[in-house]
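Worksheet for the structure shown next.
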Amino acid sequence: MNQKTKKTNVSLVKTEDGINYLFPFILISSLFLLWGFAHGLLDVLNKHFQNILHVSKMQSGFVQFSLYIGYLVMAIPAGLIMKRFGYKRGIVFGLSLFAIGAFLFYPAAKLESFYPFLIALFVIASGLACLETAANPYSTVLGPKQYAARRINLSQSFNGLGWILGPLLGGLFIFGAQTNNTNGSKFDSLIFPYMLVGGIVIVVLLVFLFTKLPDVKVSDESEQEENPPMKHLLKHPAFIVAVVAQFLYVAAQTGINSFFINFVTEEMSNTQTVIGNLMLHMGGFGRVFMPQSNEQAASLILALGGMGSFFIGRLTGAFFMKYIAPQKLLAFYAIANVILTVLVISKLGWLSVIALFSTYFFMSVMFPTIFALGIKDLGTLTKKGSSFLVMAVAGGAFCPPIMGAIADTSSMSVAFIIPAFCFAFIAYYAILGTKLKSQHTL
């Protein structure tokens with residue numbers, strides 16, 4: 001009878017023991033919003049530097065390279081920090097680096113050089129690597145194990161909201177300021193948004209400092225040692241394929257983000273007029289974000305069409321997983337994106353633009369679902385496995401320069417063959433890779 005009562009009381013963030021993790025879950029989810037905003041803002045920078053420095057598409061791809069290479073460098077140290085000092089201190093350390101990197105945009109803007117911005121982005125990435133290494137697995141264990149994939153997808157929905165706000169406000173403050181600024185430095189438009197981000201991060205950091213978080217332990221009933229060596233991860237082939245899938249997913253997402261504005265402005269020469277007419281029918285909101293250029297109009301499509309679809313996908317994905325197994329949903333979404341990217345490559349005008357921002361809906365569940373499936377049943381290897389899955393975010397460093405090089409030599413649309421390949425591999429992982437059996441450690 002008591003056992004039946006316990007099962008009835010179990011919820012998304014409440015365990016059979018009656019422990020409620022709602023407040024820690026909300027606090028952790030706020031981190032997803034912060035780094036989503038940081039990444040969304042980055043997508044505006046790519047086109048912005050093309051405009052003010054007249055760099056090629058391949059060169060502008062190094063904006064993403066400098067950020068995502070930070071994940072490659074910091075992911076394993078971040079995992080060691082979590083293991084040595086725990087989740088809370090790791091989060092505080094990550095927020096500190098995040099704030100420092102944001103504030104570095106002020107001297108970088110005053111120096112008016114490309115490379116100081118890349119250094120600032122690298123510092124931000126180092127902080128984000130710590131936050132993601134902590135927050136992703138922490139979200140999965142704040143409640144019953146069977147709801148882990150749903151919890152991380154719900155947390156990642158806040159990440160989707162950040163991705164909307166990034167290009168939305170970035171287009172307003174960066175492209176808008178660039179259009180209206182006739183007296184100041186061409187880099188001045190970057191100061192306000194990053195000072196704002198740095199200030200918000202400091203506030204969140206203080207909240208974490210003065211909040212007691214539960215030290216949730218990741219355990220495994222079959223574990224026979226407290227600290228198995230990292231090489232034991234090789235005994236989990238499904239995890240290894242998950243790392244590759246995560247690498248390619250982030251590569252695809254970053255490539256699409258990086259050249260979304262390029263593709264839209266090149267494919268539709270009247271973007272500003274079309275989006276401006278739509279804004280006129282949206283009242284005060286429309287007047288605030290009225291596009292002053294094709295680039296700003298494209299950033300609105302990215303924010304509301306692309307990232308809006310991404311946000312909706314995150315929210316509905318958590319709901320769909322109540323009825324559909326995560327790996328099946330992942331397979332369906334990956335196949336859908338292969339089809340959509342083929343439409344993008346085909347250069348069909350507005351149909352290709354719609355297909356491009358529709359890919360965000362189907363990308364929405366990929367990162368958290370691959371992450372949750374990848375660390376499933378790793379036991380005491382969970383934190384080390386998480387480090388590699390976060391390190392796989394480095395895929396975003398390599399795709400933009402490659403796509404940029406293809407665009408420079410061929411066309412922007414042809415470059416989207418790279419994301420199409422990535423989504424095809426993710427479909428393979430969901431259908432076959434998740435079924436690979438682990439070797440038991442003696």
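Limited to segment 28-51, what total is found for residues that are modelled with pLDDT of 80 or more, out of contact with any Gly (no Cβ under 8 Å at 6 or more places or on another chain) and surrounded by fewer than 24 Cβ atoms within 10 Å (Cβ to Cβ)?
Number satisfying all stated conditions: 2.
Do we find a residue being surrounded by fewer than 24 Cβ atoms within 10 Å (Cβ to Cβ) and assigned to a helix (DSSP H, G or I) anywhere in segment 137-144?
No, every residue in segment 137-144 fails to be surrounded by fewer than 24 Cβ atoms within 10 Å (Cβ to Cβ) and assigned to a helix (DSSP H, G or I).
Checking F421 against (1) of a type in the set (F, W, Y); (2) buried (at least 19 other Cβ atoms within 10 Å of the Cβ); (3) farther than 22 Å from G317 by Cα: exactly one of these is not met. Which one?
The single condition F421 does not satisfy is (2).
Determine whether segment 310-326 contains at least one residue that is closer than 23 Å to M412 by Cβ, in a helix (DSSP H, G or I) and at pLDDT below 90.
yes
Assess whether I339 counts as being surrounded by fewer than 21 Cβ atoms within 10 Å (Cβ to Cβ), of a type outside the set (S, T, N, Q), part of a helix (DSSP H, G or I) and without any contact (Cβ under 8 Å) to a residue 60 or more places away in the chain. Spell out how you get there, then give the answer.
Details: surrounded by fewer than 21 Cβ atoms within 10 Å (Cβ to Cβ): yes; of a type outside the set (S, T, N, Q): yes; part of a helix (DSSP H, G or I): yes; without any contact (Cβ under 8 Å) to a residue 60 or more places away in the chain: yes.
Answer is yes for this residue.
If we scan segment 380-401, do we find a residue that is over 24 Å from M58 (Cβ atoms), at pLDDT 90 or above and touching a helix residue (DSSP H, G or I) at 6+ places or on another chain (Cβ under 6 Å)?
Within segment 380-401, none of the residues are over 24 Å from M58 (Cβ atoms), at pLDDT 90 or above and touching a helix residue (DSSP H, G or I) at 6+ places or on another chain (Cβ under 6 Å).
Taking K110, is it basic (K, R), in a helix (DSSP H, G or I) and over 22 Å from T211 (Cβ atoms)?
On the way: basic (K, R): yes; in a helix (DSSP H, G or I): yes; over 22 Å from T211 (Cβ atoms): yes.
In short, yes.
Is there a residue being modelled with pLDDT under 80, polar (S, T, N, Q) and farther than 15 Å from T382 by Cα anywhere in segment 259-269?
Yes; the residues of segment 259-269 include at least one that is modelled with pLDDT under 80, polar (S, T, N, Q) and farther than 15 Å from T382 by Cα.
Within segment 387-399, is even one residue crowded, with 17+ Cβ neighbours inside 10 Å, among the hydrophobic types (A, V, I, L, M, F, W, C) and over 20 Å from the mean Cα position of the chain (by Cα)?
No - not one qualifying residue is present in segment 387-399.
Criterion first (surrounded by 20 or more Cβ atoms within 10 Å (Cβ to Cβ) and either over 15 Å from the mean Cα position of the chain (by Cα) or at pLDDT 85 or above (or both)) does I119 satisfy it?
Numbers: surrounded by 20 or more Cβ atoms within 10 Å (Cβ to Cβ): no; either over 15 Å from the mean Cα position of the chain (by Cα) or at pLDDT 85 or above (or both): yes.
Answer is no for this residue.
Do the conditions hold for G70, that is, is it within 18 Å of the chain's Cα centre (by Cα) and at pLDDT 80 or above?
yes
Among the residues that make up segment 123-131, is at least one of them without any contact (Cβ under 8 Å) to a residue 40 or more places away in the chain and crowded, with 24+ Cβ neighbours inside 10 Å?
Within segment 123-131, the first condition is being without any contact (Cβ under 8 Å) to a residue 40 or more places away in the chain, and the residues that meet it are 127.
Subset that is crowded, with 24+ Cβ neighbours inside 10 Å: 127.
Among the residues of segment 123-131, at least one is without any contact (Cβ under 8 Å) to a residue 40 or more places away in the chain and crowded, with 24+ Cβ neighbours inside 10 Å, which makes the answer yes.
I need a count of the residues in segment 23-59 that are over 18 Å from the mean Cα position of the chain (by Cα) and under 21 Å from I261 (Cα atoms).
Residues flagged as over 18 Å from the mean Cα position of the chain (by Cα) and under 21 Å from I261 (Cα atoms) within segment 23-59 amount to 13.
Residues checked against (1) among the polar types (S, T, N, Q); (2) buried (at least 18 other Cβ atoms within 10 Å of the Cβ):
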position: M321; (1), (2): no, yes
position: A325; (1), (2): no, no
position: L330; (1), (2): no, yes
position: V353; (1), (2): no, yes
position: F362; (1), (2): no, yes
position: T369; (1), (2): yes, yes
position: A372; (1), (2): no, yes
position: L378; (1), (2): no, yes
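Is it true that A102 is modelled with pLDDT of 90 or more, of a type in the set (G, A, S), closer than 18 Å to F32 by Cβ and surrounded by 17 or more Cβ atoms within 10 Å (Cβ to Cβ)?
yes
The values are calculated or read from the model by the stated rules, or taken from the named source; none is laboratory data. Predicted model, so just to flag it, every value in this text is computed and none were measured. Note that each Cβ is placed from the backbone with ideal geometry, even for glycine, and that neighbours are counted across all protein chains shown.
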